Structures are given as C-alpha cells and as structure tokens.
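K.L.:
The structure follows.
The values are calculated or read from the model by the stated rules, or taken from the named source; none is laboratory data. Model, not experiment: these values are computed from the prediction. Backbone-built Cβ (ideal geometry, glycine too); neighbour counts: all protein chains shown.
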Amino acid sequence: MEISKELEHKIHFLLSKGKKIEAVKLVKNTTNCGLKEAKDFVDSFSPAQFRSSGVPTPDMEVELRSLVQQGKKIEAVKLYKDRTGAGLKDSLVYIESLIEKAKPLTPNPGIKSRETQLEDIVKQQEKELKPRSGCFIATACYGDYSAPEVLVLRTFRDQELMTSVLGRAFVRFYYVVSPFFARQLDRSDVAKHLLRKHLLNGMVNRLSNKRK
C-alpha cells in the first residue's frame with residue numbers, strides 16, 4: 001500500500017502516543033481499504049524506516065521550535081537526531097534553518113515608525129532638558145512634531161512659560177512625567193482623539209486667538 005508522507009507523519013504520531021486503533025481507523029478512512037488490510041499495514045509499519053527520512057512529526061516540530069526560542073540549540077539538535085535517526089550534521093543543518101526562520105525581520109533602517117519618532121523626541125528631550133524640542137503629548141496626539149497645533153503650544157512654552165520661575169518649573173515637571181503618558185497615548189487612537197477634542201484643540205484655539 002502506498003501512502004503519502006503526510007499520512008506517514010500522522011501514523012507515526014499516533015503510534016508514538018500508543019494509539020494503534022486510531023492509526024488503523026485513519027489508514028482505513030484515508031485509503032478506503034478494508035479493516036484487516038489497514039490493521040496489517042499498521043502492524044507492519046516500521047517507525048525506524050520512517051525515522052530514516054529525517055522528517056520530524058508535527059508534534060516534534062513544535063518541540064523543536066520551542067527549544068529554539070529558548071536558545072537551547074544543543075537540546076534541539078539532539079532531539080531531532082534521536083527522533084528522526086538523522087546524522088549529526090544533517091540535524092545541525094535542520095536546527096540552524098529553524099533558528100534562521102525564528103529571527104525577526106529587520107526593519108528598513110531608513111524608515112522610522114511614528115512610535116520610533118516619538119521615542120527619538122523623548123530621548124532628546126530627556127537628555128537636554130531644554131525648551132528646544134516639541135511637546136510630547138501634543139506630538140503624540142497630532143502625529144507630527146511639525147504640526148501647526150504643536151507649533152502653537154511650543155511657542156506658548158518658549159514665549160510665556162519659560163519667562164517665569166513658575167513656568168520654567170512647570171516645564172521641567174512636564175518633561176519628567178509626559179514621556180510616559182505620550183508613549184501610552186501613541187498606542188490609542190481613541191485616547192488621542194478625546195484629548196484633542198476636549199482639551200488640546202480648545203487650548204490651541206485660545207492661544208491662536210490671543211496672538212492675533
């Protein structure tokens with residue numbers, strides 16, 4: 001009887017779990033053969049012959065990937081070698097291929113996400129603690145350091161807040177607490193919309209009208 005590699009995998013898996021009856025039923029239903037023929041096939045099924053193919057079963061594949069993710073390369077190689085009967089070199093090549101697949105995709109270094117841009121602003125602001133960068137929360141809400149609304153708020157900071165002792169103290173306090181809130185806001189479009197609608201837009205309009 002000729003069967004597919006996929007069916008071989010399933011038979012091997014069931015037999016490895018001691019589920020011989022389920023294996024017989026699987027062969028019978030898949031090949032449409034008689035019950036006796038299916039039983040004889042399962043009885044004559046050779047796991048050793050199957051292992052020589054070097055192809056892991058689905059459950060073993062899960063174990064191997066788990067070991068790879070934990071950084072247990074040697075354990076993964078040994079498991080593959082013992083379970084499939086493959087040589088050490090072939091086992092090592094297979095595990096290294098899994099490690100390569102598990103590596104995260106490297107983003108294009110020339111393209112920064114909005115969250116990365118925000119992180120850059122935060123790091124620069126925390127490093128200098130000077131009124132030269134944008135407002136974290138406003139930048140997160142309006143999505144751009146150069147947005148007109150952000151420019152209005154920066155102008156208010158530089159021309160009014162920074163001219164008094166209390167204003168400068170507030171700005172420094174803002175530098176300390178706002179990076180955390182800005183990061184959280186940048187992950188929620190709903191929160192940004194509500195903050196723009198109920199607070200920032202009103203402040204920007206009042207400041208803009210005041211300057212006219």
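K.L.:
Identify all residues within region 9-26 that are crowded, with 18+ Cβ neighbours inside 10 Å and either more than 39 Å from the chain's Cα centre (by Cα) or of a type outside the set (A, V, I, L, M, F, W, C) (or both); write none if there are none.
P.N.:
His9, Lys10, His12, Val24 - these are the residues of region 9-26 that are crowded, with 18+ Cβ neighbours inside 10 Å and either more than 39 Å from the chain's Cα centre (by Cα) or of a type outside the set (A, V, I, L, M, F, W, C) (or both).
Quick grid of which residues meet (1) crowded, with 21+ Cβ neighbours inside 10 Å; (2) under 14 Å from Phe181 (Cα atoms); (3) at pLDDT 55 or above; (4) not polar (S, T, N, Q):
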{"residue": "Ile121", "(1), (2), (3), (4)": "no, yes, yes, yes"}
{"residue": "Arg132", "(1), (2), (3), (4)": "no, no, no, yes"}
{"residue": "Ala138", "(1), (2), (3), (4)": "yes, yes, yes, yes"}
{"residue": "Cys141", "(1), (2), (3), (4)": "yes, yes, yes, yes"}
{"residue": "Asp144", "(1), (2), (3), (4)": "no, no, yes, yes"}
{"residue": "Pro148", "(1), (2), (3), (4)": "no, no, yes, yes"}
{"residue": "Leu151", "(1), (2), (3), (4)": "no, no, yes, yes"}
{"residue": "Phe156", "(1), (2), (3), (4)": "no, no, yes, yes"}
{"residue": "Leu161", "(1), (2), (3), (4)": "no, no, yes, yes"}
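Rundown of residues vs (1) of a type in the set (D, E, K, R); (2) assigned to a helix (DSSP H, G or I); (3) at pLDDT below 75, yes/no style:
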{"site": "Leu26", "(1), (2), (3)": "no, yes, no"}
{"site": "Lys39", "(1), (2), (3)": "yes, yes, no"}
{"site": "Val42", "(1), (2), (3)": "no, yes, no"}
{"site": "Val55", "(1), (2), (3)": "no, no, yes"}
{"site": "Leu64", "(1), (2), (3)": "no, yes, no"}
{"site": "Ile74", "(1), (2), (3)": "no, yes, no"}
{"site": "Tyr80", "(1), (2), (3)": "no, yes, no"}
